[in-house]
Amino acid sequence: MRLDRLDLVKYGRFTDHVLDFSAPGVHLVVGPNEAGKSTMRNAVTDLLYGIPARTTYGYLHGMQDLRIGALLRASDGSELEIVRLKKIKDPLRTVGDKVLDPRELQSILAGVTKDDFTDVFAIDHEELRAGGAALLAGKGDLAKALFESRSSAQLTTLLARLREEHSQLYVPRGRIPVLNAAIGPEGSLSQARRELDEQILRPETYRESERAVDDATKQYEGISEDLKRARAEQSRLTRIKQAYAGMEQRRQLLEERAQLLAAGPLVAGDVGYRYDTLRSERREAETILRGFVDDVREVEDELREHNPDLAVLAVAETITVLHADANGVEKAEKAGLKAARSADELRGQASSRLARLRPDASRAPEVETVAPTLRARVGEMINEQTVLATELGAARKQVKSRNRALDAELAKLPADTEPVDHAPLAAVVKAVPSSLSSQILALEKQYTVAQAKLAKARKRYARFALPEDVGDLTVPGAEEIAAYRKRIDDTDKAVARCGERVALRTTELAGHRRDLENFLRQDPPPSETDLAASRAHRQELWGQLHSGLVDPHSASTAPLPVSEYETAVAASDETVDRMRRDAQRMAERSQLEEAVEKTERLLSEAQEEHKVTVEDRQALETRWTELWTPSGLPVPAVEAATDLLTALQTLREQTDERDALLLTLDSDRAAANAHATRLREALADAGYSAPPEPASLNELIEATSAFHTTLAETAKKRARITAAAENLRNELTDAQSEVTGLETELADWDEKWKRQLADNQLTGTPAQVAESLSELDEIARLHADALRFQEQADEADNQVSTFTSRLDQALADAGRPPLTTPDRRYAVVRSLKEYLDRQSASQDEITRLTDRLATLRGKLESARNNRAEADKSVAVMLAEGLMHYEHELVEAIERTDAIRGLDKQLKAVENSLAGAGVGIAQLEQEVADHDPDELTALIADLDARILQLEGDLGTRAAGLARCKNTLEQMNGSDAAAIAADAVEEQRAGIVHHAHDYLRLRLAEQILLKSIETYRQENQAPVLRKAQHIFTRITHGEYPELVDDTDADGKAVLRARRGSGPLVDVEDMSEGTRDQLYLALRLASLDRYADEGRAMPLLLDDVLMTFDDGRTGAGLSLLDEMADRFQVIVFTHHEHIGRIAQDALAAGRIHVHDLVPASER
Amino acid sequence: MKLLHAADLHIDSPLHGLEKYPDAPVDMIRAATRRATENLVALTLDEQVDAVLLAGDVYDGDWRGYDTGLFFQRQLGILGDAGIRVYLVSGNHDAQSQITKNLRLPNNVRKFDTHQSQSIEDPHVGLIVHGQGYARRDVMENLAADYPQAAPGMFNVGLLHTALTGRAGHTKYAPCSVEELVSRGYGYWALGHVHTREVVSEEPHIVFPGNIQGRSIRETGPKGCTLVTVTDKGSVAVEHRDLDVVRWAHLRVDAASADDLDDVCELVRTQLAAERDQSDGRLVAARVTVTGRSAAHAELWRERERLTVEVRSIAVDLGEVWVEKVGPGTSPLDVGTGDGANDITDMIAGLLRTAKELGTDEDAVRRFVEKDPLWSKLSGDVRGEDRLNSSSAEWCAQLLSEASDLLVSMLQEGAR
């Protein structure tokens, strides 16, 4: 947009002032201070964006009359002429005072906001510098344009957070943070390590303990050995001492023994015993001998008393056999008699039964058995008849049963005559989508979740008191809020800045006033005012004096103030004189007064400015409230507004989500209702009452399905019964046919029976025929049994006869009387047997006595032999001992026994001596070697030595026990393992925190690099452009600008001087710094032009610190830009106009002079 | 015949990474490897095995506490009292250990030569064991090559500490191939060195029983030994038996359904409780990583310290659970759509690009970490494997990834 013409109709100090900016090139508006340059710059802003409610430019024309006009040219060349009034309603007008649609102006502004315009396009020197300072501080508009997008600000904030977090974990040379505290020499890890070190048992320590035990054991064993030896010696000497008495006793016994040996011969070791034994045996043999002679005699007497019947004994075997058979023959005889009686009886029974069966029979009672074929045939026919009759009965029953079953099955048929068609029901159920209900359930669940989520969000955002329906709320946009927030921030800063300035000026003023007062207190020189006052007083007195001198007759009677006048003249002269004398102090006073005055003015300006900014701030608050009024929401705090928007966005999204679910749910529910209606209709058509409302779709489907199932089952049942009845009818027909067939077969059988009777001359019913055949068989059986009994009777008779003959023969052989009565045969046999037994017993006794006699005679002989043997042995003994008589043997035996007694005593004594543990010979030698008195002294010495050794041994034993105890304490304890676990726990804590720390540090590193990269990628074009401009302005003194990062990751700008070092901005001269700021500012404009949003560039005294050369270069650059941006430069330096005309081509510089107000 | 095969006891090696915190069940992890060794002895007695096969690494190489040896000696003594023989080869850790050089073992222990293969026979049970121990820590020769062919009429067992042709995370000591082992004609190969149980072959059985107690989050799941049953006909059946007293578990909790940290804590509680219930009364040492695309992502990162505290508090509530580490590993649902979303997206993209660039220089993260003032102040045992392992490319990449996640989440959080 360009401003071809500006009409300051009524604005500030201007009235109907017109400026034509339509020519190409640079427009230079030149005017001294207070000429209205800033007013003009603000007028353009107010023209384009509206005159603020509390403007300071209404002091001349009145607020309601303010009016600015302009001819604007859009980037496409179209023109728009507008007039801006200070009105709330319709402030934009045409030249003809018609209301102008603000959108026309908006379109020409191409979205450049008021803030953008005032911050970027309409700037003065102060703003240029403030931007520079902000740039140094890394903040502010210019910095934003160059370095600080919103994004990089976030990155910087993030960086600060990361640093705060990792500094809580570790800082170099710190003590408090977690890791500093943990890893130091007194930290928990070192502490745990020390504890572990204390608990560790080293192998060498263990080996040392083992060695100590070995050494102590050796020492102990050495002393123990010495002690053992001492004790052994003591024991030996004591033994010798104790052996004296025993050795004396032994000597006496040996003497006694020698005397006995000298008294006569001895016998061999067992001779005494053998001699005693022989004497006993000899006495015993004589006693036995006498006993056996008596016994032989007694047995021989008994033998003579026995004389048995030898004839009977000769037939003993026959008698024994007969006796054995007698019982059996007697029993057979009785059985034979019984069988003969039975045969008679059976024959009688057979005769009488045959007579009953065949009264006319004349034959003997032997009856043959009936022919088996006849009996079998008759039996078969009878069976056939039975089977046929049974089957006929069963078939008849079957007919009755099928009849009954058919009736019963027919009775089961349902009463209705017209079956209901169930197919439509199935169709209507099938038409319901299977997933519909579950879908509705799922949707309901999702809806509940969405509702809960929404409620949760509502709860979370309850602090904003948002209404239920947030969809239609008209709230400011995020950009608007951000812009507004920025304005608030800027205004707050401006208020603060102005406040600071007011405070500064107030302080300055107080200081100046204090200086002045101090000055005045010390006899101050007169001031021009004093002189003027003095002169005025003199003049007044002169007036009075002059009128009295000119007209002495005047009416005044008052005396002439001559002396006062003279005093006044003197005073004036004195004042003048003093002023001349105290010129220096006068100047000082004047300076002080000027300073007070100037500071008062500046204070007033600052106060005014402060007031305006405060009002702006209040206005912003009002605007803020207005911004939110359409929404009806409580006005949020500015800083909470973004959160509120987020809340609204969240709630809207969640509400939309919920509503979308509800919509789908409603649709599905409607579909479900439609299906429910169709189901109800189908049920009604089928004659079934549907479940009452509000039955669910599933219930209806279930009811319909159930009813459909019922109908289908009924139809199936009917079909099943009909089929069953048909089967039953078929079965009935079959049963009836079977009855007929059986009846025919039975008739055939009757015929065959009759033929059978005739063929076999039988009569009667089948049962009677069968009975007759059985009776004949029974009679034949009775005959056969009678024959068998008769054979048994005959056999018994034969046995009795044989037995009797054998008995007769035996009686004859034994010389016994013959059998007189056959009936006594069995008694005779038994009597004969008893006689035989008695004779046999007598014979057996004789045999026994004979054997005994032989035995006794053998023993008698043996006893005699024994006695002879004993006598022979005694004789041998005597011969062996070279003795003649038995008494000599007895004496030798007694001597031998005495010596044996002495030997026993000797043995006991020697055993006692052997208790000392050495042989008798050695003992004899030892006793012989030692003197008893010397022995006692030696033993006493040894006792003392043993006592000492025992003491040493105790000490060594205690030492050994200590060593062993130490070793045993090294018992595989887990104390070190537990301490190692504790170390590991501490170490894990350090690893955990160190890992966190390193993660944060690495994140910081990534972030630093990202910030750098981000800047390089995003700001490089602006910097390049700025570098180009700066180089041009500085005539190549600074060929390079470097977008650098300081140690804190903050953006800094540095310039390279020539090919030398980089220069920080704060190290540049004031002018160079201003040039740099301008270069940066101009460079940042390109993006507006690129976006078609170029606006007039209003630069107010920004070149004031430039030297002429750089001013020319700057203007030349501005001229180059002027085709893209309209350039209007305000300055109070007239020489700039000249420089411009020198630097720029003719027609490219247009100077507009502003006449100061005082000259207007 | 029954044999019990175990390896890698690493007695008195502490459990790594368990940071102490208030109310943590400290006593339950103390000397865990000892308790597991005692469990081994108890199982041996219960099962009345004929022999125990220990395939190396009884001790931790750099552990100097002689008490450990005495403890082991005592446990072997209990087996000796029960008349059970123990066949033992030394592993790389044992070769390094001072304890091995000094300890006298009971008579029931048959320790194999370290300079040549040796065969030890037990005619009473018909067993012959072939083995060779490590003379030094880094045995890179093929020890199995020197093992003899199977002795006829006996059950032949090969006892060897090896990584075969290589196993992830284990140095390739005493390398050899499965075919080579099979060619010896033994009935069973009892291997050690690899801490994860593996039945390498079933014809014949070649088995790594794993270690008896997991010692860090890299050793999760049940740990124990292998019970080998040999029938009279020579067929072999193997069965794993648990011995561990602390069980490591890495829980990955999907936070997709969580809206905030509280929801996440509930999900964690459920999974921790389930893990505890499955551990058969043992203490569970759990690492909890919260994963998935979640609405709680930014809060988890922002409140990661609180997350740790909350999860540990849950563990204390549940009992028998020690939380080793809690880490957010979530990703955001999506980048914000509100005001400034494009800026945020650009910035995130920029951050990720920078992180990626940093990641392309494999050494950059290591250099950065080692240049940090903290690094030189940290003692050597805090650095290294399973800890702050700057020399591991994987660890550096993980740190870089976490740093990126942290930044992204902080940016997103800041944008809200």
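The values are calculated or read from the model by the stated rules, or taken from the named source; none is laboratory data. A quick note: this is a predicted structure, and the numbers were derived from the prediction, not measured. Virtual Cβ from ideal backbone geometry, glycine too; neighbours counted across all protein chains shown.
Values as computed for the structure displayed
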{"read-out": "Residue list for the range B:353-374, filter: more than 8 Å from every other protein chain (Cβ to nearest Cβ), surrounded by 12 or more Cβ atoms within 10 Å (Cβ to Cβ) and hydroxyl-bearing (Ser, Thr, Tyr)", "value": "none"}
{"read-out": "Residues (within 60 Å of the chain's Cα centre (by Cα) and outside any helix (DSSP H, G or I)) located in the range A:90-127", "value": "A:Gly111, A:Val112, A:Thr113"}
{"read-out": "Condition met for A:Ala647 (assigned by TED's automatic domain parsing to the domain that holds A:Leu454, more than 17 Å from A:Ala465 (Cβ to Cβ) and touching a helix residue (DSSP H, G or I) at 6+ places or on another chain (Cβ under 9 Å))", "value": "no"}
{"read-out": "Some residue of the range B:104-120 being under 24 Å from the mean Cα position of the chain (by Cα), within 17 Å of B:Gly56 (Cα to Cα) and either more than 14 Å from every other protein chain (Cβ to nearest Cβ) or not polar (S, T, N, Q) (or both)", "value": "no"}
{"read-out": "Some residue of the range A:459-468 being surrounded by fewer than 17 Cβ atoms within 10 Å (Cβ to Cβ), in a helix (DSSP H, G or I) and within 14 Å of chain B (Cβ to nearest Cβ)", "value": "yes"}
{"read-out": "Single condition A:Arg229 does not satisfy, out of (1) modelled with pLDDT of 90 or more; (2) closer than 24 Å to A:Gln925 by Cβ; (3) surrounded by 16 or more Cβ atoms within 10 Å (Cβ to Cβ)", "value": "(3)"}
{"read-out": "Failed condition for A:Asn965, given (1) within 14 Å of chain B (Cβ to nearest Cβ); (2) under 30 Å from B:Glu38 (Cα atoms)", "value": "(1)"}
{"read-out": "Yes/no for B:Ala151 being at negative phi and surrounded by fewer than 16 Cβ atoms within 10 Å (Cβ to Cβ)", "value": "yes"}
{"read-out": "Those residues of the range B:65-94 which are more than 14 Å from every other protein chain (Cβ to nearest Cβ), under 25 Å from the mean Cα position of the chain (by Cα) and aliphatic (A, V, I, L, M), in sequence order", "value": "B:Val86, B:Leu88, B:Val89"}
{"read-out": "Filter pass, A:Ser547 being out of contact with any Pro (no Cβ under 8 Å at 6 or more places or on another chain), under 24 Å from A:Ser572 (Cβ atoms) and surrounded by 14 or more Cβ atoms within 10 Å (Cβ to Cβ)", "value": "no"}
{"read-out": "Elements of type strands (runs of 3 or more DSSP E) contained in the range A:1-89, each with 1 or more residues being among the charged types (D, E, K, R), under 22 Å from A:Asp116 (Cα atoms) and over 60 Å from the mean Cα position of the chain (by Cα)", "value": "A:2-11, A:67-73, A:79-85"}
{"read-out": "Flag if A:Val828 is touching a residue at least 24 places away in the same chain (Cβ under 8 Å), over 30 Å from A:Val299 (Cα atoms) and surrounded by 15 or more Cβ atoms within 10 Å (Cβ to Cβ)", "value": "no"}
{"read-out": "Test: residue in the range A:579-596 that is at pLDDT 80 or above, farther than 28 Å from A:Ala478 by Cβ, of a type in the set (A, V, I, L, M) and buried (at least 18 other Cβ atoms within 10 Å of the Cβ)", "value": "yes"}
{"read-out": "Selected residue [surrounded by 17 or more Cβ atoms within 10 Å (Cβ to Cβ) and outside any helix (DSSP H, G or I)] from A:Ala690, A:Ala703, A:Ala695", "value": "A:Ala690"}
{"read-out": "Lone unmet requirement of (1) in contact (Cβ under 8 Å) with a residue 40 or more places away in the chain; (2) closer than 30 Å to A:Lys228 by Cα for A:Met970", "value": "(2)"}
{"read-out": "Among (1) modelled with pLDDT of 80 or more; (2) part of a helix (DSSP H, G or I); (3) not acidic (Asp, Glu), the one test that A:Ala640 misses", "value": "(1)"}
{"read-out": "Cβ-Cβ under 7 Å pairs, at least 6 apart or on other chains, the range A:348-364 side over 19 Å from A:Val769 (Cβ atoms) and at pLDDT below 80, far side in a loop (DSSP other than H, G, I, E, B) and acidic (Asp, Glu)", "value": "none"}
{"read-out": "Selection within the range A:990-1011 - touching an Asp or Glu at 6+ places or on another chain (Cβ under 7 Å) and within 7 Å of another protein chain (Cβ to nearest Cβ)", "value": "A:His992, A:Leu998, A:Arg999, A:Arg1001"}
{"read-out": "Conditions (1) over 30 Å from A:Arg402 (Cα atoms); (2) surrounded by 13 or more Cβ atoms within 10 Å (Cβ to Cβ); (3) of a type outside the set (Gly, Ala, Ser); number of the one not met by A:Leu711", "value": "(1)"}
{"read-out": "Leading residue by the ranking (farthest from the chain's Cα centre (by Cα)) among those in the range A:1066-1095 that are modelled with pLDDT of 80 or more and small (Gly, Ala, Ser)", "value": "A:Gly1071"}
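So that you can scan it fast, the table gives a plain yes or no per residue for (1) assigned by TED's automatic domain parsing to the domain that holds A:Lys493; (2) touching a residue at least 40 places away in the same chain (Cβ under 8 Å); (3) among the acidic types (Asp, Glu):
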| site | (1), (2), (3) |
| --- | --- |
| A:Pro561 | yes, no, no |
| A:Thr567 | yes, no, no |
| A:Asp573 | yes, no, yes |
| A:Val576 | yes, yes, no |
| A:Glu588 | yes, yes, yes |
| A:Glu593 | yes, yes, yes |
| A:Lys598 | yes, no, no |
| A:Leu602 | yes, yes, no |
| A:Arg623 | yes, yes, no |
